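Before any comments, here is the structure.
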Amino acid sequence: MVAKPRSAAITTTLEARLTKKARIDDPSSKTKYLATKTSNDESTVSLSSRGKQIADLENEASSSTLPSTFKIVAGSYEKLLYGLEGSTSIENDDIKFHLKPIFIFPAHVSCIKAVAASPGGKWLATGSADEIIKVWDLKRKKEIGGLMHHEGSITTLLFPSRSHLVSASEDGTIGIFHARDWSVLRTLRGHKGRVNSVDVHPSGKVALSVGNDRMLRMWDMMRGRGVASSKLGKEGEIVRWSTDGEMFAVQSGKDIDIYLTDMSLLHSIKHPSRLHDIKFCKRAHQEGQVLLASAEDKKVSIYDFITLPGHSRTSASTDHDENDKNKETDPRIIAEIVGHENRIKAIQTLNISLPSHPIFTSSINSSANHPHPHSTTIVSTVSSDGKINVYNLADLSGSRPEKSTIHQIQPVATYDTKGTRLTCVTLGEGEIANNGVIGKRNRDQEEEEEDEESATEDHEEGGIGADEENEENEEEIEEPEEEEEESE
């Protein structure tokens, strides 16, 4: 990947094609479904501005559109899949969180390495060392089928939208699936070895991936091909976009390197313990974002960012005062999520609505500037100690404490699997509360809304798979060597 000094944003032209024949093996009927999707369009997007637009839209969303219940799904080395339903209530003028198990069963024939829930909470995907991606209807608690696409263990699963699933594998490939018929839109090739992690930009236009070939690769999700790569000098284990899409983080061992979208290094963090997962997250009731980092030290460290990229930190300066100012705004640990007795393997976050109550409104959500006083952000963690914990990010202080003071956040709910070695976790949306009443939508209405949203994502937003043209033969896209630009 080559830095573009004239712009702080990687701008890519998104034209061309995405289409694939696909196969999904249904465990009940054993039939194979084939599908071909067509479309043709061309558009150009600035990742930085697009990420800001999405963040602004999310900020304007009413708490009435947030789920009042949630589902936690965790995988384990023991092949078991745990499903919990979470809810909140008011007890003694305080908010209480509740967890109830809804399923526990062996979902794969080998250890489960990745889980992902789609926006809206309808679909669940699980990946295993058995090389199979299983798809589940999370709301109906029913298995849909198995995707026999990869020839190696599944390392990453994510739903960048309701209509698309992205997977990565030890076979060196990244798969893009259409969630409407589970057709394979593209197989991305370029890594020379295992793909450790992949993450899609909030705009849905591009993705980043890291692997054991010590390369960072960027993919054009519209055309289904690699567009750039950069040598990291070390094996990247996890890559994560920030919530606004203006920067991204690469984790390797104890190190977290934070880059702007022009590949300029913004920060290098040396964490005190071996890391297992990282995730950017918006603050619950204040402006800005934090970086969550789970590690061997049995806790999740919360790094704070005082100023966002695009301000004084983004431009290199040799002025002594400016450098001192930049030092003051470097990320540092402001809080720790505690409550586990062993390494924390994975973390996930979700915005939810909370019960309306006058006393509650005047307590933790008393900020007059916060537009949605009846919502919060929850964090779910899984550990090798067998516990699934839930935390309320509203407990995070809005002010930056002194360096000697680190606030500790205790769990608000815990489920103990009694020693199961948990490996991964995802949070799915539950029911949406309307005027304090949780209502279940009928199935036809739900599917109709999802189809409309899928069409909007594909054609209006120009996200993953928006530009597809008809092809009769299944093909796999491999990044051409001559188009690869590398920088040390």
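Once fully extended, how much extra length lies between residue 296 and residue 90, figured as 0.36 nm per residue of separation less the alpha-carbon to alpha-carbon distance? Let's see the in-between values first.
Numbers: separation 206, 0.36 × 206 = 74.16 nm, distance 3.47 nm.
Gain in length upon complete extension: 70.7 nm.
Looking at the stretch 102-179, the GluC sites (Glu not before Pro) that sit in a DSSP loop and have at most 12 other Cβ atoms within 10 Å of their own Cβ are 151. Distant-in-sequence amide contacts of residue 237, defined by a placed amide H-H separation under 5 Å and a gap of 5 or more residues or a different chain, comprise 251, 252, 253. In the context of the full set of protein chains, the stretch 72-161 has a per residue accessible area of 37 Å² (1.4 Å probe).
In this structure the amide hydrogen of residue 280, modeled in the peptide plane, comes within under 5 Å of the amide hydrogens of 292, none closer than 5 places in sequence on its chain. Scalar couplings 3J(HN,Hα) for the stretch 215-231, obtained by applying the Karplus form with A = 6.51, B = -1.76, C = 1.60 to θ = phi - 60°, are 10, 9, 10, 10, 10, 7, 6, 6, 8, x, 8, x, 10, 6, 8, 8, 7 Hz; x denotes Gly and Pro. With the simple model of a label 7 Å out from the Cα in the direction of the Cβ, residue 65 to residue 287 spans 2.2 nm. A simple count of charges around residue 84, restricted to other residues whose Cβ falls under 12 Å of its Cβ and scoring Lys, Arg +1 and Asp, Glu -1, yields +1.
For the stretch 224-259 versus the stretch 80-159, the spacing of their alpha-carbon centroids is 26 Å.
Among the listed pairs 122/270; 96/418; 142/298; 96/254, which have their C-alpha atoms separated by more than 32 angstrom in this model?
Details: 122/270 38 Å; 96/418 23 Å; 142/298 34 Å; 96/254 35 Å.
Over 32 Å apart, Cα to Cα: 122/270; 142/298; 96/254.
Residues whose amide H lies under 5 Å from that of residue 247, counting only those 5 or more places away or on a different chain, are 242; hydrogens are built 1.01 Å from N in the peptide plane. Residue 387 sits among other residues whose Cβ lies under 14 Å from its own Cβ, and their net charge, with Lys and Arg +1 and Asp and Glu -1, is +3. Spin-label model, residue 141 to residue 407: label points 7 Å out along the Cα-to-beta-carbon direction sit 3.7 nm apart.
The values are calculated or read from the model by the stated rules, or taken from the named source; none is laboratory data. For clarity, every value in this text was computed on a predicted model and none was experimentally measured. For neighbour counting, all protein chains shown are included, and Cβ atoms are generated from backbone atoms with ideal geometry for every residue, glycine included. Note: areas computed on protein heavy atoms with side chains; ligands, DNA, RNA excluded. Shrake-Rupley method; radii C 1.70, N 1.55, O 1.52, S 1.80 Å.
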